[in-house]
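J.: Can you read through this structure? Questions will come right after.
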Amino acid sequence: MTSLGSRTIDYEEKTMRQVPRGTLIHDEVHGVTYRLQAKLGQGGFGTAYRAVELNRNGGEKRGSATCIKL
């Protein structure tokens with residue numbers, strides 16, 4: 001299961017569609033929220049997205065670009 005904002009999707013659902021730009025991903029383990037910016041690529045084990053870490057106010061943290069695979 002993957003948490004997308006306030007919604008949770010399962011593996012079959014996420015492989016059937018592209019996650020929209022601007023979707024928020026919350027990492028509950030580390031207490032960090034990311035905003036997806038662009039799809040980077042897709043393969044047999046998932047799709048890679050460019051994302052940025054958000055600060056507590058919802059703004060982007062400087063230098064926080066990362067890759068998230070769903």
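J.: For TYR34, what accessible area in Å² do you get when you roll a 1.4 Å probe over the heavy atoms of the protein chains, rounding to the nearest 10?
T.: 50
J.: Quick one: how many Å² of VAL32 are accessible to a 1.4 Å probe, rounded to 10?
T.: Number for this one is 20 Å².
J.: Mind grabbing the accessible area of LEU40 for me, 1.4 Å probe, Å², rounded to tens?
T.: Roll a 1.4 Å probe over it and LEU40 shows about 110 Å².
J.: If you take every residue apart from GLU60 with its C-beta less than 13 Å away from the C-beta of GLU60, what net charge results, scoring Lys and Arg +1 and Asp and Glu -1?
T.: +4
The values are calculated or read from the model by the stated rules, or taken from the named source; none is laboratory data. The structure displayed is predicted, hence computed values, not measured ones. So basically every Cβ, Gly included, is an ideal-geometry build from the backbone, and we count neighbours across all protein chains shown. These accessible areas exclude ligands, DNA and RNA; they are computed on the full protein's heavy atoms, side chains included. Shrake-Rupley method; radii C 1.70, N 1.55, O 1.52, S 1.80 Å.
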